Amino acid sequence: MPAQASSWAGMSFECSTEAGIVMRGLRAISLTAAVVWLTSGIALAAENVPAEMREKLETCAACHGPNGVSPNQEVPSLAAQPDIFTQWQLVYMRDGTRKVEAMEEVVKGMTDSDIRFYGSYFASLPPPVPEHPKPGEAESAEVLNLMKPRRCANCHDDTMAGKGEMPRLAGQREDYLVKAFRDYRSNARRGRGQAVMVEMVSTMTENDIKILAEYLSRLP
């Protein structure tokens, strides 16, 4: 090999090696930054918790997870849910409009002040990190055929992050979403927006429900 070519080859190898090191370093920095962001968000939320609410939050954490990300089957994650949405659900449960057996004793003595606190607290937590990769274009196209005619984005936002009284669906537990869709379809779930959701899911098959729930659970 000519000397000049050998020199360029050596430089190329060194550059590619250095580039690899830099890329690994950047990935490490990005991962560290993500972890810091998540933990700092949780820490900040914890710092703002009044002493009298800490024990009550432990009750929430038993089912919904200490950082609002549920580890339990068919139990929803509350992290990053819109403030007003969480407040309304607690009001419905407390007043008996929405029946959730596991929550009956929990909400019985809740004050309006407690409910406002829970709405604000869970809205301040970082959203759940999906367990599976974000859906690809082909998968998204299939699901959008289900979502567009039902105008899901009108209420839940284009990113499915929710807004106002409408819940965050992105990153929610798949099994919980399946249960929620089935409950709406059977009219077992009550509360504000019930009529709209019954209409949206009434024509969905079991397969439709499973496809949509899986898709939403994988959205960041």
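Just want the ordering: M93, M147, from fewest to most Cβ atoms lying within 10 Å of their own Cβ.
If I rank by nearby Cβ atoms, fewest first, I get M147, M93.
In a shell of Cβ-Cβ distance under 13 Å around K134, excluding K134 itself, what net charge do Lys and Arg (+1) and Asp and Glu (-1) give?
Working: positive: R218; negative: E131, E137, E139, E214.
Spelling it out: positives minus negatives among the neighbours equals -3.
Report relative contact order for region 137-217 in percent, whole number only (criteria: Cα-Cα under 8 Å, sequence separation at least 6). Intermediate results must be reported in sequence, preceding the final value.
Details: 67 pairs, mean separation 26.4, N = 81.
It rounds to 33 percent for region 137-217.
Full-extension gain between E137 and A61, please, as 0.36 nm times their residue separation minus the C-alpha to C-alpha distance.
This chain segment gains 23.8 nm when fully extended.
Report the full-extension gain for the segment S186 to K148: residue separation times 0.36 nm, less the Cα-Cα distance, to one decimal in nm.
Once the chain is fully extended between S186 and K148, it gains 11.5 nm.
Quick check: residue separation of I84 and E101 times 0.36 nm, minus the Cα distance between them. What number comes out in nm?
Extending this stretch completely gives an extra 3.9 nm.
Can you give the local net charge around F122? Use residues other than it whose beta-carbon is closer than 14 angstrom to its beta-carbon, Lys and Arg +1, Asp and Glu -1.
Computed value for this residue: +1.
Using only Cα atoms, what Kirkwood radius does region 137-217 have, in angstroms?
12.7 Å
Anything over 32 Å Cα to Cα? Flag those among K163/K210; K56/K148; K56/K99; K56/K210, in the order listed.
K56/K148; K56/K210
Values quoted throughout were computed directly from the atomic coordinates according to the rules given, and no laboratory measurement underlies them. Please read all numbers here as calculations on a predicted model, not as lab measurements. All Cβ positions, glycine included, derive from the backbone under ideal geometry; neighbour counts span all protein chains shown.
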